[in-house]
Structures are given as structure tokens and as C-alpha cells.
Amino acid sequence: MKITKRIKTIAVCATLACGAIAGAAIGILVYQTVKAVEEKIKKTINIKNILSKIPFLKRKVK
Amino acid sequence: MNIGLVLSGGMSKGAYQLGALRAIREYIDPKDVRFISAASIGALNAYAYSSDNLDVGSFMWHSINLTHSRVLVTTILRSEFLTEVIRRLSKKEVQCEKMYVPYINLKTRSIFYTDIAEKEEEELKEHLAAAVAMPGINHPVLINELNLYDGATVDNIPVYPLMQYNLDYIICIHFDDYNYTFESRYFDNKIVKINFTGDSKHSIWFNRSDVKDMEIQGYKKAKAIMDFVFADGPENTEAIYSKIEALNAMNSHKVRRTTADIINDNYDKLKKRLAKRQIVE
């Protein structure tokens, strides 16, 4: 997945900039944050539910 | 020829449309306008145009007792003159094949477009009355056990029903100060847009001289655009498309019109992105 690649890039850049331990720590932190956000979205987003709540969204031609 | 006509709602600004339709009639025979979609006051004007009775459309504006002081449009919406216009129009037959009018049902929160071209007199009367039934001002009109209101409150420029037809071009008259891109670029490139911004207060607050001015301005502006677009005749579609392109380029303030379909499309795109990341199924 694209997002994992981006996290890896962030971790590599952080390693180059701050050293191995700090880099690994930043990588893990970003990874955990992204995963937590994804989990939250998975739990809360239900597209069908959202669509059904928007009035006048579906149009019919009779 | 397959020509479409779209008229938006705009309350008393409908007087602009009457002037514009007179100008259009000089270039295009109403018989050639086979598909129409119109909302609110535009629906009455469209019916008057297609049945070749623009004078009936004007009757309402010129009959009401408009003195020097201005009146609110609610006076018209609740007046006997509106009922009389609907009664007179419903006795006429339109020359178009389809005439779509949007309606909303507040209970189900849905919008739909009904073809009123072949309705019988009584049914037509109800449909025209529902087309101008403003929520909060008028009562809904009961049709087929549904309480219906004016659909212009949701879709004021109803180009959507005409997308299903392969039309040579569409003439669209609306009152927003935007150079809209309608629905899709391919579809949009076939639309001759005539918009009247004017003074927004004239939508709801006007007197007889305002109405006269709007009719005259409507005629003049539409005639100028028709002169430009139909310089090579109303049947030379290639020339018309290039003129539409030139008109769109002249007005660079382009805005994609947000309608329910566009929201739906964007939701689909969002859904695909989220599904790609396995966030939703």
C-alpha cells in the first residue's frame, strides 16, 4: 500500500537525519498513528449510511 | 433538429425569461425545441413558450396591481393572477415532446422530474401549481398521494433530465452570476448559456417598472447572444459549438455546478480511494 511506502520513507529520512534509534522511534510513532486513524475511520465511516442521510441526493426522471 | 431548452426558477426574475424567450422565438421555431426542462416560474414560462402563448405568461406580471411602491413576490405566489395563468395555460397544448419539471417531496426528502408535456388539463393544472408551490409560502399540492413543492428549491437549473437525450444543443436561461460547467464537459459544450444577474432584490421585491425593465433587458441580452451564436444559422451545429466555446472563454469565472449527482460522483471516488486502502469494503 502507498501509505506503508510513505511511512518507510519517513522512517528512512528520520534515520538519516536523527540517527538509527530516533529514526526507528519516529517511524514506529508515525506507523502507529496512521494505523490508529485507519482503524478509527474503519469503525466510523459507513458510506451507505452517510449517503442515506443526505436529503435529495438521488434524482429520478419519471 | 433536436434542441433543448432549460429555464431556471428565479421568482419575479422570470420576467427576464419572458423577454429572452421572445428573442429566441425570432431565431428558433418553438416546434424545433423538442425537449424542455424548467423549474418554478421557468416552468410556467416554458409552457407558455412551447404552447406559443408568451402573452399569457406576461399576463400575470402586467395584471397585478403594481403601483409605484414595490411588492413582495409572495403577493404573486398567493395571487389569483397566478391561478388564472395556470388555468389559461393548462388549456393549451405544448409543441415539445418532453417537458420535465422538478418537484420535491419534503416527507421523503426526494427530488424527481416529471414529464408534463402530455398531461390532461386537470392533472396539468395541479402539476403547474406544484411547480410554483414555494415551501413556507404556499401549501404543497397533493398529486398521486404525494405532497409536492417546487423542485427549484433543490435543483434550480434542471439540466439533468436532458442528459439522456442526444441533443444538438441546449439553450439555458438562468439567474446566477456564474459561468457554470453543467454536469459533464461534453454536455456543457452544447449549452448556450444566457444568464441574468441583475439586482438580486428584484427576485422578491419589485414594481411594474422593474418588471418592464427586466423584460426589455431579457430581450436585448438574449437577442445579442442569439445574433452571435446563430450568425451562421440555427442549424449549423459546428459553428454554434465554436461560438459556445468562445462565449465560455469570454467569461473566465468558471464554476462547476454542485448538484446531487456531482456529490454522488465525488462520494464514489472517495469510496474507491478508501476501498483501495482497505478502509472500507
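Key figures for this structure:
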item	result
Extreme residue, surrounded by the most Cβ atoms within 10 Å (Cβ to Cβ), among residues of the range B:1-30 that are more than 24 Å from B:D177 (Cα to Cα) and in contact with a helix residue (DSSP H, G or I) (Cβ under 9 Å, 6 or more places away or on another chain)	B:I3
Checklist (1) among the β-branched types (V, I, T); (2) free of Cβ contacts under 8 Å to residues at least 60 places away in the same chain; (3) surrounded by fewer than 18 Cβ atoms within 10 Å (Cβ to Cβ); (4) touching a strand residue (DSSP E or B) at 6+ places or on another chain (Cβ under 7 Å) applied to B:I143, failing item	(4)
Selection from the range B:225-249 of residues that are part of a helix (DSSP H, G or I) and under 16 Å from B:C172 (Cβ atoms)	B:I225, B:M226, B:F228, B:V229, B:I240, B:Y241, B:K243, B:I244, B:E245, B:L247, B:N248
Single residue of the range B:176-203 satisfying the filter (over 16 Å from the mean Cα position of the chain (by Cα) and surrounded by fewer than 16 Cβ atoms within 10 Å (Cβ to Cβ)) that is farthest from the other protein chains (Cβ to nearest Cβ)	B:D199
Selection within the range B:103-157 - farther than 24 Å from A:S52 by Cβ, touching a Leu at 6+ places or on another chain (Cβ under 9 Å) and part of a strand (DSSP E or B)	B:N138, B:V141, B:L142
Selection from the range B:118-140 of residues that are touching a residue at least 60 places away in the same chain (Cβ under 8 Å) and in contact with a Lys or Arg (Cβ under 8 Å, 6 or more places away or on another chain)	B:I137, B:N138
Scan of the range B:106-130 for residues that are modelled with pLDDT of 90 or more and within 14 Å of chain A (Cβ to nearest Cβ), ordered by number	B:F112, B:Y113, B:T114, B:D115, B:I116, B:A117, B:K119, B:E123, B:H127, B:A130
Cβ pairs under 7 Å, 6+ apart, first in the range B:219-246 and free of Cβ contacts under 8 Å to residues at least 24 places away in the same chain, second assigned to a loop (DSSP other than H, G, I, E, B)	B:A239/B:D232
Selection from the range B:157-175 of residues that are away from chain A (no Cβ under 11 Å), touching a helix residue (DSSP H, G or I) at 6+ places or on another chain (Cβ under 9 Å) and not hydrophobic (A, V, I, L, M, F, W, C)	B:D168, B:Y169, B:H174
Top-ranked residue of the range A:13-62 - restricted to ones that are within 24 Å of the chain's Cα centre (by Cα) and assigned to a loop (DSSP other than H, G, I, E, B), ranked as nearest to the other protein chains (Cβ to nearest Cβ)	A:I45
Unmet requirement for B:D177, which otherwise passes all of (1) closer than 26 Å to B:M134 by Cα; (2) part of a helix (DSSP H, G or I)	(2)
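Rundown of residues vs (1) closer than 27 Å to A:V61 by Cα; (2) modelled with pLDDT of 95 or more, yes/no style:
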site: B:L7; (1), (2): yes, yes
site: B:D29; (1), (2): yes, no
site: B:D32; (1), (2): yes, no
site: B:A38; (1), (2): yes, yes
site: B:D55; (1), (2): no, no
site: B:H62; (1), (2): no, no
site: B:T67; (1), (2): no, no
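The values are calculated or read from the model by the stated rules, or taken from the named source; none is laboratory data. Small disclaimer: the values here were computed from a predicted structure and weren't measured. A quick note on method: Cβ atoms are made from the backbone with ideal geometry, for glycine too, and the neighbour counts reach across all protein chains shown.
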